[in-house]
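Encoded as structure tokens, the structure appears first; notes follow it.
The values are calculated or read from the model by the stated rules, or taken from the named source; none is laboratory data. The shown structure was predicted, so the numbers you read here are calculated from the model rather than taken from an experiment. Virtual Cβ from ideal backbone geometry, glycine too; neighbours counted across all protein chains shown. Only protein heavy atoms, including side chains, enter the accessible area calculation; ligands, DNA and RNA are left aside. Shrake-Rupley method; radii C 1.70, N 1.55, O 1.52, S 1.80 Å.
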Amino acid sequence: MKEIKNFINGEYVTNVSGKTYENRNPVDNSLIGMVYEAGKPEVDAAVAAAKAALKGPWGKLSVVERCNMLDAVVDEINRRFDDFLQAEIADTGKPAHLASHIDIPRGAANFKIFTDTIKNVSTESFEMRTPDGKTARSYGVRTPRGVIAIVCPWNLPLLLMTWKAGPALACGNTVVVKPSEATPLTATLLGEVMNKVGLPKGVYNVVNGFGVDSAGAFLTAHPDVNGITFTGETKTGTAIMKAGADGIRPVSLELGGKNAAVVFADCDFDNTIATLTRSCFENAGQVCLGTERVYVERPIFDKVVAAMKQTAESMKPGRPFDPDTKIGPLVSKIHQKKVLGMYAKAKEEGANIVYGGGIPDMPEELKDGCWVQPTIWTGLPETATVVTEEIFGPCCHIQPFDTEEEVLNMVNANRYGLATSVHTQDISRAMRMANAIEVGLCWINSWFLRDLRTPFGGSKQSGIGREGGVHSLEFYTELRNVMIKY
């Protein structure tokens, strides 16, 4: 059984309170180990270490020296690829083919993309004449914001943590990471990598625990934290934003979504079904960009429903390293209960259950895992709970439409605005839709296709701020103007 400790000032430590909680494998609910919950003393120590490191050797490194050290982090993650893969799968239960192609490679690449960005980014410079006939030149300087609190989700634990730690460290900040209580392993393991490559103590810290009255609340309320970044559900984001208001500290929030796909009759049908299968069911639907609302032009509505039913039926649940496994479990018993509750709500509100709606029949040794069926509904009004509320499970509601105006109104009639995909061969229509849909990301004939240099984030209640490329630098640096008169 593992002891999962906090990582503070370059050391693995327990806690003052002695409090621990269980870390369980969602595949079979077996006990992985006990996690030491960080209380206020541990959070205070982590923030103090991060603050001190800003004035230590880390703060004296040049941009190139700092980036060389982070490039070594990339190499060490890749060298220990199997260790990170095992840890990520133990926490999440996701199929190995998914974690090995997305989670771990992207977890490493998130450092590389931002070391390349910070080494090549420029700032503005202007020259002007002064009233007394002299010359003045102004230029911009980027400086680290300071201590960054990173509060992480559980669906893509390593990837989404390094998506924030990568740019924060590349910009010269120090970080205190609070991983989800359900998925602490890869953030903790990364501490070994940081020590291996010689990252100065206190630059990277990890405090484990929960939100309210635990590590999350203590960290986001800490007066020596200079910025807070969070990916997760909107309710928690609201609480974090309120915490950030004390001291006027900036926040970057990527929050909930109720993402839509719009399918026109002229789409490339086979490509569309393959794309919808991924966007609705990949990672057991536990993807912030995943599709839970599918709108289909009426002439091909029945054909799409039938094809999606066929793909849902083919999604075999099973152990992560079984090559036949197409879908893994949900992350925890708590989340399984939530998703099954939404499945029951759909039935109660009169949904036509095309497929799924419950727990799959699993072998005896896996029956205690966090399994749910991929599920498809039709027949609900746009006001139904499962059409308006984020579920974060492998499910979708498929709705017919007749006109472009009608579907645009349905897509936008939601308080979230994270992502949408549009499937059509009409480029003019695609461009009209992309310009009119109220989201931060819009894909045409694709999904989850990302260039890490581009802006990432949501509109409406799906978040504040943008991440990716130079857009991340706006949050992780202070931009100072210097004016020289001569």
Between the stretch 176-235 and the stretch 424-443, the Cα center-to-center distance that results, in Å: 37
Heavy atoms of D426: accessible area, 1.4 Å probe, square angstrom to 10: 50
Share antiparallel - DSSP beta bridges, the chain, percent rounded to 5: 40
Percent accessible area from carbon and sulfur atoms, the chain, protein chains only, probe 1.4 Å: 54
Alpha carbon centroid spacing (whole Å) that separates the stretch 77-125 from the stretch 34-53: 25
Whichever aspartates and glutamates have a C-alpha closer than 12 Å to that of K178, once near sequence neighbours (fewer than 8 apart) are set aside: E37, E42
Selection from T272, M315, N412, by position along the positive dipole direction of the chain (Cβ): N412
Probe 1.4 Å - accessible area at F84, Å² to nearest ten: 0
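Could you rank H101, H397 by how accessible they are, 1.4 Å probe, largest area first? Write out the running numbers ahead of the final one.
Details: H101 140, H397 5 Å².
So, going from the largest accessible area down, we get H101, H397.
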The stretch 26-171 - Rg (one decimal) and Dmax (whole number), Cα, Å: 20.6, 78
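My understanding is that a pair violates if its Cα-Cα distance is over 31 Å; which of K196/K242; K201/K338; K164/K196; K258/K309; K303/K345; K316/K347 do that in this structure?
In this structure, K196/K242; K201/K338 exceed 31 Å between Cα atoms.
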Accessible area, probe 1.4 Å, largest first, for residues E467, E181: E181, E467
Mean-position separation - Cα centroids, the stretch 258-323 and the stretch 332-410, in angstrom: 13
Accessible solvent surface per residue of the stretch 9-48, calculated while the other protein chains remain in place, 1.4 angstrom probe, Å²: 43
Cα-centre dipole for the stretch 1-127 with unit charges at Cβ (Lys and Arg positive, Asp and Glu negative), debye to 20: 220
Per residue accessible area of the stretch 397-486, 1.4 Å probe, in Å²: 48
Which of G440, Y343, T325, positive extreme of dipole for the stretch 322-463 (C-beta unit charges): G440
Translational diffusion of the stretch 155-240, µm² s⁻¹ [Kirkwood Rh, Cα pairs; Stokes-Einstein; 10 °C; 1.306 mPa s]: 117
Label selected from [x] 64, 55, 45; [y] 72, 64, 39; [z] 78, 63, 44, the criterion being Cα extents along the principal axes in Å as computed here: [y]
Net dipole in debye of the chain [+1 Lys, Arg Cβ; -1 Asp, Glu Cβ; about Cα centre; nearest 20]: 1600
